[in-house]
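The values are calculated or read from the model by the stated rules, or taken from the named source; none is laboratory data. This structure is a prediction, so every number in the text was calculated from the model and none was measured. So basically every Cβ, Gly included, is an ideal-geometry build from the backbone, and we count neighbours across all protein chains shown. To get the accessible areas, we keep the full protein, side chains included, count just its heavy atoms, and leave off ligands, DNA and RNA. Shrake-Rupley method; radii C 1.70, N 1.55, O 1.52, S 1.80 Å.
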Amino acid sequence: MQRRHVVQYGAAGVGAVALMLGVGWWRADGPGAPKPAGQRPLPLSAMDFRLTDHEGNEVGPETLIGRPTMVFFGFTYCPDVCPTTLSDISGWLEDLGDEAAQMNVVFITVDPERDTVEAMAEYVGYFHPAIRGWTGPANQVARAAEGFRASYERVPTKGGDYTMNHTASVFLFDAKGELVTMIDYHEPREFAVPKIRRALTEDVEGAT
Amino acid sequence: MTKLSYINGLPLVLLLSGMSSPAFAGSEDVVVENAWSRASIGVNRPGAVYMTVRNTGEYAVTLTGLATPLAMMPEIHESKTNSNGVSSMAPAGEITIEPGQSVALEPGGLHAMLMMLQNLMIEGETFPLTLTFSDGGEVAVEVPILGIAARGPES
Ligand SMILES: [Cu+2]
């Protein structure tokens with residue numbers, strides 16, 4: 001009997017270890033793997049995805065080439081980080097004034113299941129008018145995130161709901177679609193606005 | 001009958017008045033400042049409330065929970081952004097505030113997350129929020145609802 005118990009515990013233990021290894025794989029190498037730090041977004045010209053903007057227009061990375069671009073990932077059911085970032089972006093755009101009109105500013109949802117075109121239209125309507133909201137099929141959102149080297153993950157919450165972990169950096173590209181720099185979440189405005197000005201005036205040949 | 005129930009009610013009244021007298025170890029010295037929240041779009045999205053919780057007393061206090069008629073599941077959360085720039089949000093658990101110290105609930109960090117909204121959060125209105133502490137005390141605040149794009153209590 002003793003021995004039998006030991007065997008049973010042993011089997012349970014192996015199962016638990018296998019499960020943990022499975023979880024470990026998912027986090028380390030699988031779809032839950034964090035993007036290695038320092039992995040830079042592709043140039044917009046090397047990206048490939050098809051989404052719909054909040055006015056129903058078909059859009060993709062090529063839509064952004066020709067003007068400097070600011071891109072941010074988030075979701076409209078986000079109570080804290082996303083409205084804060086969109087408010088920050090709105091403030092930067094106000095500071096830029098007329099220059100803001102020369103830019104593409106795009107908010108791409110990582111939660112297309114809830115963020116329909118209509119939901120995006122209502123949401124972006126509360127922020128600076130230059131901000132466009134993009135959504136689309138889950139696989140196209142995934143391809144967009146892949147191009148920007150952004151990551152996101154659905155996380156269940158109490159009460160059967162869910163929230164999304166996601167890259168909160170703002171990406172800045174020049175008019176040719178080359179990455180100029182990124183603005184980290186909560187970067188003070190006195191650093192953010194000059195970075196945007198750089199994207200607006202970047203010598204394209206010098207872009208890295 | 002009436003008289004009897006009146007007498008029975010007395011100890012309860014005494015008990016209740018005892019609870020609201022300053023018999024707590026700290027929470028009566030908690031002051032909440034600059035509370036604000038953003039208007040909601042519908043009731044399916046969670047809301048967030050920000051404020052500064054100041055302990056003006058001589059004892060440490062521990063914030064253990066929240067209550068509001070506005071939401072069925074109010075909870076203190078913390079947003080964090082890791083070295084890869086990925087933001088996530090999780091329940092913050094209990095928060096202890098040392099004497100003379102304060103804790104800031106502010107965008108991108110700690111926030112009172114209002115899940116399962118029972119009503120719309122309408123710009124210009126206010127709602128009551130109660131903070132509960134480990135000593136049994138409660139602090140009630142009336143939270144103003146600002147615009148969806150608000151950045152702080154002054155904006
Ligand atoms: Cu939260």
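Data table
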{"read-out": "Failed item in (1) within 16 Å of the ligand (Cβ to nearest atom); (2) touching a residue at least 40 places away in the same chain (Cβ under 8 Å); (3) within 13 Å of another protein chain (Cβ to nearest Cβ), with B:MET51 passing the rest", "value": "(3)"}
{"read-out": "Where a residue in segment A:150-164 is more than 13 Å from the ligand (Cβ to nearest atom) and its partner, wherever it lies, is open to solvent by 40 Å² or more (accessible area, probe 1.4 Å), with Cβ under 7 Å and at least six apart", "value": "A:SER151/A:PRO34; A:SER151/A:LYS35"}
{"read-out": "Some residue of segment A:65-77 being among the hydroxyl-bearing types (Ser, Thr, Tyr), open to solvent by 70 Å² or more (accessible area, probe 1.4 Å), closer than 29 Å to A:ALA130 by Cα and at pLDDT 50 or above", "value": "no"}
{"read-out": "Some residue of segment A:91-104 being within 14 Å of chain B (Cβ to nearest Cβ) and not in a helix (DSSP H, G or I)", "value": "no"}
{"read-out": "Qualifying residue in segment B:111-131 (condition: within 14 Å of chain A (Cβ to nearest Cβ), more than 26 Å from A:HIS166 (Cα to Cα), more than 16 Å from the ligand (Cβ to nearest atom) and acidic (Asp, Glu))", "value": "yes"}
{"read-out": "Failed criterion for A:ARG114 (all others in (1) among the charged types (D, E, K, R); (2) assigned to a strand (DSSP E or B); (3) within 11 Å of another protein chain (Cβ to nearest Cβ) hold)", "value": "(2)"}
{"read-out": "Members of segment A:141-159 found to be of a type in the set (Lys, Arg) and more than 11 Å from chain B (Cβ to nearest Cβ), listed by number", "value": "A:ARG143, A:ARG154"}
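Results for (1) touching a Cys at 6+ places or on another chain (Cβ under 6 Å); (2) more than 11 Å from the ligand (Cβ to nearest atom); (3) among the hydrophobic types (A, V, I, L, M, F, W, C), shown as yes or no for each residue.
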position: B:GLY85; (1), (2), (3): no, yes, no
position: B:MET89; (1), (2), (3): no, no, yes
position: B:ILE95; (1), (2), (3): no, yes, yes
position: B:ALA104; (1), (2), (3): no, yes, yes
